[in-house]
1. Over the range B:1-155, what is the relative contact order in whole percent, taking alpha-carbon pairs under 8 Å and six or more residues apart?
2. Can you compute the charge dipole magnitude of chain B about its Cα centre, using +1 on each Lys and Arg Cβ and -1 on each Asp and Glu Cβ, nothing else charged? Give it in debye, rounded to the nearest 20.
3. Can you find, among B:GLY115, B:SER52, B:PHE97, the residue sitting farthest towards the positive end of the charge dipole of the range B:49-125, where Lys and Arg contribute +1 and Asp and Glu -1 at Cβ?
4. Placing +1 on the Cβ of each Lys and Arg and -1 on the Cβ of each Asp and Glu in the range A:68-144, which of A:LEU90, A:GLN103, A:TRP69 has its Cα farthest towards the positive end of the resulting dipole?
5. If I build a Gaussian network model for chain A, linking alpha-carbon pairs within less than 10 angstrom, which residue out of A:HIS173, A:HIS119, A:HIS63 has the largest mean-square fluctuation?
6. Hey, could you pull the Cα Rg and Dmax for the range B:1-90, both in Å?
7. Can you find, among A:THR210, A:ALA223, A:TYR287, the residue farthest towards the positive end of the dipole of the range A:165-299? Put +1 on the C-beta of Lys and Arg, -1 on that of Asp and Glu.
8. Determine Rg/Rh for the range A:308-405; Rg is computed over alpha-carbon atoms and Rh is the Kirkwood hydrodynamic estimate from the same atoms.
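Rule-based calculations on the coordinates, nothing more; no lab input. Just so it is clear, the structure is predicted and the values come from calculations on it, not from any experiment. In this analysis, Cβ positions are derived from the backbone assuming ideal geometry, glycine residues included, and neighbour counts consider all displayed protein chains.
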Amino acid sequence: MSAERDASLPNPTKWLLIGAVGLIISFIGMFVDPRMASFCYLIGMIFTTSITIGMLFLVMIHHIFDAYWSTVIRRQAENFLAALPWMAVLFIPLFLITYLYKQDTLWIWMDLDHELHGHGTVGTDPLYLKKTWWLSETFFWIRAVVCFLAWIYFARTFRRNSFSQDEDGSAEHTYSSRKHAAGGLIVVALTWSMAGFDWIMSLEYHWFSTMFGVWFFANSMRAALAVLVLVAAFLVAKGPLKGIFNTKHLHDLSTLCFAFTVFWAYISFSQYFLIWNGNIPEETFWYNFREEGMWYGVSMFLIFGHFLFPFLFMLQFPLKTKYPAMVFMACWILFMQLFDLIFNILPSLKVHGHTAQLFHQPLGFLWLAASVLGGIGVLLWAYWTSYYKVKIIPIRDPRIGECLNHNH
Amino acid sequence: MADKFGILAKFDTPADIMHAAEKVRDAGFKRWDVITPFPIHGMDGAMGLKRSWVPRFTIVGGTTGFITGMSMIFFTNAFDYKILIGGKPLFSPYFAFPVSYELTILFSAFASIIGMFILNKLPMHYHSALKTEKVAEMSDDKFFLYIESEDPQYDDVKTRSFIEGLHPVEVSDMEK
């Protein structure tokens, strides 16, 4: 039942090797410069996890709406879901470094004796004492495990349903997926927000924003859609999806990319605007750090590069239906998505009481590149391994006929 | 017969009219149209229609709306009658943004509707098709195609035989 291994398509093992090299370099980095390398590792790990979670959302949205146009590309999203357990494995080093090295490597509140710049330690900080019930170390790791278990459970269910349907063609699998999508959307939305609060927001535990989870969701959707456009374009160019995935499908996918561009801007702007308008120091300091030094330039780059340029680009119908244009846009969005994560994560790193710049040491670029490459390598390894095991499209899906004739 | 508006042909199924439209398109006629009771997918391509020009009106409207919002707030708050609220700057694109954004949408919508009216030459109070007794069938279960006598290629005899070659159910003249 498996697709023939085509010599023109990538070899999964090659990607695993690339990933391994990246991970090894970033682990070396943890010995050379533990804090910077750990932050870079966190960025790389969240970058790849956000792509897989975005894929999970896309599969669930497909099922809950009983959509038909996306049936042809859903299988590729399901292939990416194979990477979720490995994302959990990638999370383990973060746990290890806080245990084996120093508890305050990443999340400073984990160490009650961590010196706050100018006012005592975390353990005597009233703002921490009010939050101890949530920001307790054991509870933090339990939450991470619960999140990953929930995601892996849903990912496996959708994959199993879809692949079993290829075998027996039963509509039961579609019904099962639809029910799981209804529950899964709520569970994954909550756990993914929680992951955003825990992994990114609690880096600076004084700060809080209820919109942060939505920003995290918007970002992961943009990343997943960009990757899906790239994969579709690649498979069309190489042959497997040629004549199956047409420009109408591409147009729909691009339109979703466009929609989430606007959504991302809406959420990011609202978060900034409310804090700017409220003008309360306990909220504004977070953005103040992000205006220091080069971060001001980065934030301007995000506004124009992550919103305005993609917005004006994808506003145009002809560009949304052309592969070269959308491949360029998808690469651009992925690059900017990484920048957005850096902007949200890295300024939380304080070096001698000062906001870390991008980067204090030139080696920082190496740790970041290695971590991202490591994550991407593992992601694509899992993807291609899954790709060769299953059919290129869900051939017995009740909606596949409609989808292949998609013409408007 | 100079006072003739055109020639009208009746078809029974959407497939028939699609094929007929493709032939008329390939024959190079310019002033012709089809009248169907409901939208038929793929008819745009069969008629050789280009993409609509409405989006161009929309982008102009949207840009105007955005600039209007920004300059309106600048004019009222920071220029004409300066108001200092809560220590905020007199003008900032941040608080002007929600209003500009909504005016963008409002003006885009207006421009789209106006553009659609202009491009469709609306309001059109009279059209020759309304004069035929077949107007009831046009909005019920039959499909029509007509070629206007204003078309540069139009020739009373040749065009009529061309239309009959499309195998319509019925061919008739349209009065002006």
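1. 47
2. 960
3. Comparing the listed Cα positions along the dipole, B:SER52 ranks first.
4. Going by the charge dipole, the pick is A:TRP69.
5. Result: A:HIS119 has the largest fluctuation of those listed.
6. 25.9, 78
7. So the residue furthest toward the plus end is A:ALA223.
8. Looking at the range A:308-405, the ratio lands at 1.13.
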